[in-house]
1. Give just the number: which of (1) surrounded by fewer than 22 Cβ atoms within 10 Å (Cβ to Cβ); (2) in contact (Cβ under 8 Å) with a residue 40 or more places away in the chain does residue A:26 not satisfy?
2. Could you tell me whether residue A:14 is of a type in the set (Val, Ile, Thr) and surrounded by 18 or more Cβ atoms within 10 Å (Cβ to Cβ)?
3. For segment B:34-68, give me each residue that is of a type outside the set (A, V, I, L, M) and either open to solvent by less than 50 Å² (accessible area, probe 1.4 Å) or free of Cβ contacts under 8 Å to residues at least 24 places away in the same chain (or both).
4. Give, as residue ranges, the helices (runs of 4 or more DSSP H) completely inside segment B:1-98 that count at least 2 residues that are within 23 Å of residue A:19 (Cα to Cα).
5. Does residue B:89 satisfy the condition of being open to solvent by less than 30 Å² (accessible area, probe 1.4 Å), at pLDDT below 75 and on the phi > 0 side of the Ramachandran plot?
6. Could you pull out the residue among A:93, A:84 that is in contact with a Leu (Cβ under 9 Å, 6 or more places away or on another chain) and either more than 22 Å from residue B:60 (Cα to Cα) or without any contact (Cβ under 8 Å) to a residue 40 or more places away in the chain (or both)?
Amino acid sequence: MRLSSLLVNIARFIFPFMLMFGLYVILYGDVSPGGGFQGGAILASAYITAYIARGERIFEMGSLVLLEKLLYVLIVALALVSVFTKGEAFTSFIPPLEPLNVRRLFLIAMNMLIGFKVALGLTSLFSAFVEQESVDD
Amino acid sequence: MLDILLLLIVALIAVAIVVHTDLFNIVILYSIFSLLCATLYLVYMAPDVALAEAAIGSAFVPMIFIVAISKQREFIVLSRLEDGFLSAGSDGSRPGRGYVILKALCRQYGLKLVLCPSGEEKACRILARSSADIFVYEEDGEYIMEGKGSSLIMERLSHMLIDHEDISLVLTGDDENYD
């Protein structure tokens with residue numbers, strides 16, 4: 001794709017801010033609006049701006065999909081840890097009598113896993129569209 | 001008060017999306033539609049949904065649409081001809097008749113004409129990746145153009161070919177594939 005230099009320079013400027021905002025939304029998902037899914041979508045948009053700035057794909061699609069599958073297994077595994085601590089699946093594995101700052105850890109870990117999984121999924125979706133693009137080399 | 005105003009604008013833009021014909025304008029309007037929807041979610045006190053809508057609806061989906069549209073700007077012609085019927089005439093000779101017709105067709109729709117001579121490895125690869133728009137070959141001294149029957153461009157091409165007796169257009173069904 002041929003893009004104007006105005007668009008490329010603005011994409012270069014805005015990329016770190018988008019990355020930081022996405023990470024902020026993921027990390028503060030349990031106390032403020034947003035969460036894993038929203039932050040992951042913002043990270044995927046940041047990847048698109050990086051693609052515009054560089055004009056070529058950055059990640060290999062096969063590894064993206066593989067990493068996404070791995071993260072899915074990790075999410076299920078983290079949710080199943082509570083079987084050993086509480087005897088009940090798909091709840092927080094930290095006992096309810098712990099202080100709030102400790103109980104937050106489960107939500108933060110879950111939000112991070114979901115956020116990176118969503119970011120990788122949407123990124124591989126975008127890559128699938130882009131890689132079919134060029135017909136003549 | 002603000003929500004009623006926003007709802008009215010959203011309805012207006014929805015009508016504009018349906019009415020417009022230029023694809024790039026539609027994508028931009030869709031992006032504005034999503035941004036206004038996100039504002040509406042915020043007004044109705046759902047900031048979570050607003051964040052998701054702003055990130056996906058107004059940035060991610062329009063970008064995918066733009067990539068898909070820019071892919072559509074090419075008109076791929078696959079030929080099995082040996083003579084100069086489709087030659088572009090770049091080496092000083094006159095351009096072929098078929099080339100002139102297809103070039104005029106592409107200029108009308110703002111497409112980029114891509115000619116792929118058959119018998120090369122490249123042609124097979126392109127055909128495997130995205131099936132060609134038109135397939136040209138010769139049979140009993142007659143040129144035959146084969147294309148998918150459903151598209152509007154084919155209808156236009158059949159009008160252009162009325163004056164040329166020795167060129168015929170064969171339309172295949174939409175579900176038929178070359179492979």
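1. Condition not satisfied by residue A:26: (1).
2. No, not satisfied.
3. B:34, B:37, B:41, B:47, B:48, B:53, B:57, B:58, B:60, B:62
4. B:23-43, B:47-52, B:61-71
5. Spelling it out, residue B:89 is indeed open to solvent by less than 30 Å² (accessible area, probe 1.4 Å), at pLDDT below 75 and on the phi > 0 side of the Ramachandran plot.
6. Details: A:84 fails: in contact with a Leu (Cβ under 9 Å, 6 or more places away or on another chain).
That would be A:93, the only listed residue that is in contact with a Leu (Cβ under 9 Å, 6 or more places away or on another chain) and either more than 22 Å from residue B:60 (Cα to Cα) or without any contact (Cβ under 8 Å) to a residue 40 or more places away in the chain (or both).
The values are calculated or read from the model by the stated rules, or taken from the named source; none is laboratory data. Every value quoted in this text rests on a predicted model; they were computed, and no experiment measured them. A quick note on method: Cβ atoms are made from the backbone with ideal geometry, for glycine too, and the neighbour counts reach across all protein chains shown. For the accessible areas, the whole protein counts, side chains as well, though only heavy atoms, and no ligand, DNA or RNA atoms are used. Shrake-Rupley method; radii C 1.70, N 1.55, O 1.52, S 1.80 Å.
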